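Heads up: the structure comes next, in structure tokens.
The values are calculated or read from the model by the stated rules, or taken from the named source; none is laboratory data. This one's a predicted model, so the numbers in the text were calculated from it and none came from an experiment. Heads up, the Cβs are rebuilt from the backbone with ideal geometry, glycines too, and the neighbour counts pull from every protein chain shown. In case anyone asks, the SASA skips ligands and DNA or RNA and just uses the protein heavy atoms, side chains included. Shrake-Rupley method; radii C 1.70, N 1.55, O 1.52, S 1.80 Å.
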There are 2 protein chains.
Amino acid sequence: MAAKATEQNPVPSVWARARPTSDQPSLSRTTIVREAIVMLDAEGIEALSMRKLGARLNAGAASLYRHVATKDELLELAVDEVAAELHVPSAGSGDWRTAVTEAARSFRAAALRHPWLPSVLGQVGLVYLGPHLMSFSERLAGLFVEAGLAEPSGAMDTVLSYVIGMSTTEAAWLSTVSRSGASEADFVARLLPAAQETAAGPGLPAGPREDITAAAADPAALREQKFAYGLEVVLDGLALRLNG
Amino acid sequence: MAAKATEQNPVPSVWARARPTSDQPSLSRTTIVREAIVMLDAEGIEALSMRKLGARLNAGAASLYRHVATKDELLELAVDEVAAELHVPSAGSGDWRTAVTEAARSFRAAALRHPWLPSVLGQVGLVYLGPHLMSFSERLAGLFVEAGLAEPSGAMDTVLSYVIGMSTTEAAWLSTVSRSGASEADFVARLLPAAQETAAGPGLPAGPREDITAAAADPAALREQKFAYGLEVVLDGLALRLNG
DNA sequence: GTTCGATGCGAACACTGTACGCAGATCGGA
DNA sequence: TCCGATCTGCGTACAGTGTTCGCATCGAAC
């Protein structure tokens, strides 16, 4: 649009020429990645397209490819950028259990803030680790080394697998809920009859059913409690291996 | 093509008219889902398109929509079809730990046979459960009820989260490896220098590095051992709650 | 024999990720 | 001061996607 103006207007004003095309500080890899994350958070992973992302940055789709090789690379960069939000306490500062718990909570919190993260992790994998993810896993492993566990890397993988699995499930659930437009409690209430119908017959003795009705009351609290319970289980299992 | 022939050929032969368009038993929901799984297994999730799937069934893409509402629905059907491969022992037949272990191994095996499964689960979530997934989780929950655990549903979620997280990571890894064209051992060897470079500096005392070199020797065995270790940890943590 | 619902499908629509090549800006050196 | 070289933005195009529409064909029921 600006280029068209300079071409059609025979009197180039200084004001028209000042910063000809860029209102923003132009394009850069970090700008692009950050805006992609904003978009992913707001509209989910299937709403992110290079054209829409470009439009948001007052740029064309092709311009993005000057700073990012491919859309998958962009997603990897976004994952690592989000990994910068993760927090794991320094080794040597108190109880290893509370430290690991804090790291785990931090991962879950990030996954719930960015529900697209688990699904991207499921496709891209943890193979080509960016610096932030690298530092996260190194610091986490350090906690288990310090705790005196015989197999620190196995311990880390166990905890990470649990945290990833739980967060993936939660994030997928939240995505579905938000896609439905209803609140979480309403969605549970709407889902309840169908679930009971399918779960009829020689099922369980009403254990899960209490579960569901409890979820209708305060779903978020129940999810948090479930996460804490499972984490405690895993940490207990690891604690048994401390003096082995 | 067949339609064109009948139109142009003024002498319709019986042989040309016999089963005019269908060599296969035509199209059906199960045929479509099964072929989709074959395709997903062979070429991965991003290679599955409605047109290619239709072509494989000697059909057009539009025909598939007579039996399947949308591609996402097709994926959900594929997930539940795969869930039919899962095996969990009946409650009351022996030790609950070995029973749960078998169910977990069965899940992992299915995820490695169908590496696209975890990534689909990450997007679709476990919300609208099909009958097979439903039966799997019911039977699994039954094992924990029978074991006498105070919170069977929490226990099940813990184990499932661990299994899902580990399987997701493994499947994503295997997908990346197979995309690279190399064998797993070769891929590890090629990745080793880069990992060591990034992991340099004030890192760990050589714990993870042994890990990597061990992986180069027999990667599949190491993965299996890691899975078993973590599962044992989780089950130990649950066992502590048996007499609570 | 005729109508009717189910099925297959060619063509089209609105998108997608990405490659190519041109325009303009910026900058180091002569 | 000018001149190339290099970098950045982007219009356009290509091949492919999921999905819809309307038409053709079919087997069965009346």
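Structure notes:
- Sorted from closest to farthest, the other copies place their B:Gly60 label points 3.6 nm away, with each point set 7 Å from Cα along Cα→Cβ.
- A:Ala109 label point (Cα plus 7 Å toward Cβ) to equivalent points in the other copies: 4.2 nm, shortest first.
- Shown are B:Val100, A:Val124, whose ranking by accessible area with a 1.4 Å probe and every protein chain present, most to least, is A:Val124, B:Val100.
- Backbone HN-Hα couplings from phi across the range B:44-60 [Karplus 6.51/-1.76/1.60, Hz, Gly and Pro as x]: x, 6, 7, 8, 8, 10, 4, 5, 5, 4, x, 4, 5, 9, 6, 9, x
- With a Förster radius of 56 Å applied to the beta-carbon distance between B:Ala55 and A:Ala189, the computed FRET efficiency rounds to 0.80.
- Gyration tensor (alpha-carbon) shape descriptor, the range A:23-68, a/c threshold 1.5: prolate
- Computed with the Debye formula from one identical point scatterer per Cα of the range B:143-185, without solvent, the log10 of I(q)/I(0) at q = 0.14, 0.28, 0.30 Å⁻¹ comes to -0.49, -0.89, -0.94.
- Residue mean of other protein chain beta carbons inside 10 Å, B:108-118: 1
- Each Cα pair under 8 Å and six or more residues apart adds its sequence gap; the mean of these over the residue count of the range B:20-68 is a relative contact order of 37 percent.
- The other copies place their A:Arg97 label points at 2.1 nm from this one, listed shortest first, where each point is 7 Å from Cα along Cα→Cβ.
- Fully extended contour minus Cα-Cα distance, from B:Tyr229 to B:Arg29, at 0.36 nm per residue: 68.0 nm
- Environment charge at B:Arg108 (Cβ cut-off 15 Å; Lys +1, Arg +1, Asp -1, Glu -1): -2
- Amide N proximity, the range A:113-132 versus A:Ala69 label position 7 Å along Cα-to-Cβ, cut-off under 20 Å: A:120-132
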